[in-house]
Amino acid sequence: MEAILNINGLSKRYGKVKALNNLSLQINRGDIYGILGPNGSGKTTTLGILLGVLNADSGSYSWNGKAPSKYDRKNIGSLIETPNFYPYLTARQNLSIVCKVKEVDESEVDSVLSIVDLINRADSKFKTFSLGMKQRLAIASALLGNPETLVLDEPTNGLDPQGIAEIRTIILDLAKEGKTIIMASHILDEVEKTCTHVAVLKLGNLLTYGPIQSVLNNQEQIVVASENLDGLKLTLSQIDGVSNIQQVGNKLSLMLATGKDSSYLNKSLFDKGIILSEISIQKPDLEANFLELIK
Amino acid sequence: MLDLLKIEYKKLIPYSTFWVIFGLFFLFTPIVFYGFGQVKIDAFPIDFATMYKFPNVWNNITYIASWFNLLIGMLLVILICNEFSFKTYRQQVIDGHSKADFIISKILLMSSFSLLSTLYLFIIGFFFGSFSGGEAPFLTDIKYLLIYFIQSLGYMSLGLIMAVLIRSSALSIILFICSIFVESIIRLLVPDNLAQFFPMKIISNLTPFPSPGGVQVANMNGVITEAISLNTTLIIAIIYIFSFWGISYVILTKKDIN
Ligand SMILES: Nc1ncnc2c1ncn2[C@@H]1O[C@H](COP(=O)(O)OP(=O)(O)OP(=O)(O)O)[C@@H](O)[C@H]1O
Ligand SMILES: [Mg+2]
């Protein structure tokens, strides 16, 4: 795995507030890395440092193994917190300035405006846009130059449900192309639906990080019941791919390895002479897991 | 470098405040210059008979135009503060500019403003001079245009510092203007031979009060002090301008971009 970004012990304080405390993290090519945490946990601070707008108090970072420079940033598509454009310029004029800054051909402006569905408002002034349209323009701007890496801070902020779904699709499409995406969010659902990896921050501290399944424990649980609970328990432990057997009241909950499903479980038990009186799939309670994590 | 200036003009051309302020400058400089010659205020020891003639026209037109330096300085302050309030400075750093690029862009921008207004003064001066037929060839004393160029850079460079330091348009403009007055008050409290080296004093002396007796410098009380030569003033002014640019850059690198 090839590291796109290495973060080594970044810290930043604002007066008494420790916004970021000794953060270290590695992000590899092709990861969709979610940075998750409640308000004020240091997400924006982290991204601000990585994009050269905030000076860290200590620690270092490198994009593609090189010391930070403006040239890395030209190849990163970024959207940090709020869309920032000249209010008196049109969408097209604003993006054409971004093209100049990023040294990207201006012919791309129309295609990114189409992607975010703003092409028919291309010549309206930025100040006349609604919040969601401004956010869309900011995403269009991040797509200019077809960058290998995207850094998005709450990309669906202010969007309507349709907009949220569209942005999610855009992000997943980019991910399919093998791009690396770093996304800060305090919306668990957003991270869970799009990310492969996640780092959880709280009050500037890194609580945990890794592949999303292992961090958020988002595997489905299977709940089964039978007249003979003890026999069921014993038999379950002998079935290939079953783990985490736990008794919940007069039922058992368990997890299945990927590739195995409930009908496989049912059949395996039936073959061993156990008839289930109940079998159901329980969606994981991510919310609860997450709240537990940041408590 | 040229790309940076192109970006500046992409932001500027659709911006109406730019047209209003330069429009005012372009309109009022010749009007005031013309009016000054008609009113003939006695208090000004100017030779009104030759004020439009070559070579006097160059000293006179730059002196009049220098009254508008604050106006263009304010435009620059507004433009820079806009970058902070629209957060477009932040966005451009995120998108791949360095902090140095930002300062260089603004230096190029102010230089282009100075060039624009100097060229305009050249045209106006040439026009007045030609129609009143002075004896000297028009190139005599044209150095006043170069000096005016440096002076207008000087005011804008002070504006640059105020803008990067304070970041809000209204407050920066107030401080920009106040700093000039505050300096002149401080100058009253220090010995004249020191006061004449203060930055705004040096910069304002670049377009000296035109008088038949040649270059003389009057301080606030109207007392004529021993003047520093115009060439020395020019060199000191250029040193101040470079320091203003350097200080602005240092201020930017020390500060977070919020
Ligand atoms: N310019 C600033 N001055 C003072 N304190 C700041 C500044 N910027 C951020 N902070 C503080 O740093 C901490 C982290 O802020 P940050 O913006 O990184 O949080 P966040 O995780 O992005 O939160 P959110 O989910 O609300 O966007 C907060 O306590 C915040 O108050
Ligand atoms: Mg934030």
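The values are calculated or read from the model by the stated rules, or taken from the named source; none is laboratory data. Just so we're clear, the structure is a prediction, and the values are computed from it rather than from any experiment. Heads up, the Cβs are rebuilt from the backbone with ideal geometry, glycines too, and the neighbour counts pull from every protein chain shown. Surface accessibility is based on the protein's heavy atoms, side chains included, excluding ligands, DNA and RNA. Shrake-Rupley method; radii C 1.70, N 1.55, O 1.52, S 1.80 Å.
In whole Å, largest first, what are the principal axis extents of the Cα atoms in the range B:17-254?
That works out to 58, 41, 27 Å along the principal axes.
Pairs of lysine in chain B with Cα under 25 Å and at least 8 positions apart or on different chains: total?
Taking the Cα cut-off of 25 Å, the pair count is 22.
Would you please give the FRET efficiency between residue A:1 and residue A:257, computed as 1/(1 + (r/R0)^6) with r the Cβ-Cβ distance and R0 = 35 Å, to the nearest 0.05?
0.90
Tell me the label-point distance for the pair residue B:178, residue A:127, using the 7 Å Cα-to-Cβ offset, in nm and rounded to one decimal.
2.7
Rounded to the nearest whole Å³, what is the per residue volume of the convex hull around the Cα atoms of chain A?
Looking at chain A, the number lands at 157 Å³ per residue.
Which residue, chosen from A:33, A:79, A:55, occupies the Cα position most advanced towards the positive end of the dipole of the range A:16-85, where the dipole is computed from +1 (Lys, Arg) and -1 (Asp, Glu) charges on Cβ about the Cα centre?
Of A:33, A:79, A:55, it is A:55.
Compute, for the protein assembly as shown, the length of the dipole vector about the Cα centre, with Cβ point charges of +1 (Lys, Arg) and -1 (Asp, Glu) only. Units Debye, rounded to 20.
That gives a dipole near 900 debye.
Note the count of lysine pairs whose C-alpha atoms are less than 14 angstrom apart in the range A:21-144, limited to pairs 8 or more residues apart or on different chains.
Count of close lysine pairs: 5.
Any idea how far the Cα center of the range A:4-43 sits from the one of the range A:176-198, in Å?
Using only Cα atoms, the two centres lie 15 Å from each other.
Find the all-direction average of the projected area of the Cα convex hull for the range A:54-138, expressing the result in square nanometres with one decimal place.
Projected over every direction and averaged, the Cα hull of the range A:54-138 covers 6.7 nm².
Over all directions, what mean area does the Cα convex hull of the range A:1-156 project, stated in square nanometres?
Computed as one quarter of the Cα hull surface, the answer is 9.8 nm².
To make sure I understand the rule: partners must be aspartates and glutamates, Cα under 15 Å from the Cα of residue A:16, and not fewer than 8 residues away in the same chain. Which ones qualify?
A:57
Could you tally the net charge around residue A:114, taking each other residue with its Cβ under 13 Å from the Cβ of residue A:114, Lys/Arg +1 and Asp/Glu -1?
So the environment of residue A:114 carries a net charge of -1.
Under a Cβ-only charge scheme (Lys and Arg +1, Asp and Glu -1), can you give me the dipole magnitude of the range A:64-167 about the Cα centre, in debye to the nearest 20?
Result for the range A:64-167 is approximately 380 debye, rounded to the nearest 20.
Assuming R0 = 30 Å, what is the FRET efficiency of residue B:130 and residue B:13, from their Cβ-Cβ distance, to the nearest 0.05?
0.40
Compute the distance in nm between two label points, each set 7 Å from the Cα along the Cα-to-Cβ direction, one at residue B:247 and one at residue A:110.
Inter-label distance under the simple model: 5.0 nm.
Using alpha carbons only, how many degrees (0 to 90, rounded to 10) separate the axis of helix B:230-254 from the longest principal axis of chain B?
10
What whole number of Å gives the distance from the Cα centroid of the range A:216-295 to the Cα centroid of the range B:137-203?
Result: 79 Å between the Cα centres.
Please compute how much accessible surface disappears when A pairs with B, both sides summed, using a 1.4 Å probe, and round it to the nearest 100 Å².
Using a 1.4 Å probe, the pair buries roughly 2600 Å².
Under the 0.36 nm per residue contour assumption, what length would be gained going from the current alpha-carbon distance of residue A:172 and residue A:225 to full extension?
Working it through step by step, the gained length comes to 15.3 nm.
Let me check something: with ligands and nucleic acids excluded, how do B:245, B:58, B:19 order by accessible area (1.4 Å probe), largest to smallest?
B:19, B:245, B:58
First compute the accessible area of chain A with a 1.4 Å probe, then give the percent of it belonging to carbon and sulfur atoms.
Percent of accessible area from carbon and sulfur atoms in chain A: 49.
As I understand it, the dipole of the range A:188-295 uses +1 on the Cβ of Lys and Arg and -1 on the Cβ of Asp and Glu, about the Cα centre. Which of A:234, A:255, A:221 lies farthest toward its positive end?
A:234
Quick one: if the Förster radius is 35 Å, what FRET efficiency do residue A:103 and residue A:11 give, using the C-beta to C-beta distance and rounding to 0.05?
The computed FRET efficiency comes out at 0.60.
If you build the convex hull over the alpha carbons only and average its shadow over all orientations, what do you get for the range B:16-95? Give it in nm² to one decimal.
Mean shadow area of the hull around the Cα atoms is 7.3 nm².
Checking buried surface per residue: for the range B:63-100, which residues lose a minimum of 30 Å² accessible area in the protein assembly relative to the chain alone (1.4 Å probe)?
Residues passing the criterion (a loss of at least 30 Å², heavy atoms only) are B:86, B:87, B:88, B:90, B:91, B:92, B:93, B:94, B:95, B:96, B:97.
Short version: which residues of the range B:1-35 lose at least 40 Å² of accessible area, all chains versus chain alone, 1.4 Å probe?
B:7, B:10, B:11, B:14
Give the whole-number value, in cubic angstrom per residue, of the convex hull volume spanned by the C-alpha atoms of the range A:161-273.
168
Using the reciprocal of the averaged 1/r over all distinct C-alpha pairs, how large is the Kirkwood radius of the range A:221-284 in Å?
11.5
Over the range B:141-215, what is the relative contact order in whole percent, taking alpha-carbon pairs under 8 Å and six or more residues apart?
After rounding, I find 34 percent.
Quick one: order A:186, A:197 from most to least accessible surface, probe 1.4 Å.
The ranking, largest first, comes out as A:186, A:197.
What's the longest bit of chain B with no exposed GluC sites (Glu not before Pro), using DSSP loop states and at most 16 other Cβ atoms within 10 Å as the test?
Formally, the longest exposed-site-free interval is B:1-134.
As I understand it, the value is the acute angle between the Cα axis of helix B:99-132 and the longest principal axis of the Cα atoms of chain B; what does it come to in degrees, rounded to 10?
Here the helix axis deviates by roughly 20 degrees.
Just to check, using Stokes-Einstein with a Kirkwood Rh over alpha carbon pairs, what's the diffusion coefficient of the protein assembly as shown at 4 °C and 1.567 mPa s in µm²/s?
Translational diffusion coefficient: 46 µm²/s.
Hey, if we sort B:63, B:89 by accessible area with the 1.4 Å probe, largest down, what's the order?
Result, largest first: B:63, B:89.
Using alpha carbons only, how many angstrom separate the centre of the range A:127-148 from the centre of the range B:59-115?
Going from one Cα centre to the other spans 27 Å.
If you place +1 on the Cβ of every Lys and Arg and -1 on the Cβ of every Asp and Glu, how big does the dipole about the Cα centre of chain A come out, in debye to the nearest 20?
1000
Run the 1.4 Å probe and let me know the accessible area of residue B:119, rounded to the nearest 10 Å².
Roughly 100 Å² of residue B:119 is accessible to a 1.4 Å probe.
Hey, what's chain A come to in accessible area per residue, 1.4 Å probe, Å²?
46
Relative contact order, percent, of chain B when contacts are C-alpha pairs under 8 Å separated by at least 6 residues?
Relative contact order, chain B: 26 percent.
Give me the percent relative contact order of chain A, please, defined on Cα pairs under 8 angstrom at least 6 residues apart.
20
Please report, as a whole percent, how much of the solvent-accessible surface of chain B comes from carbon and sulfur atoms (probe radius 1.4 Å).
Percent of accessible area from carbon and sulfur atoms in chain B: 73.
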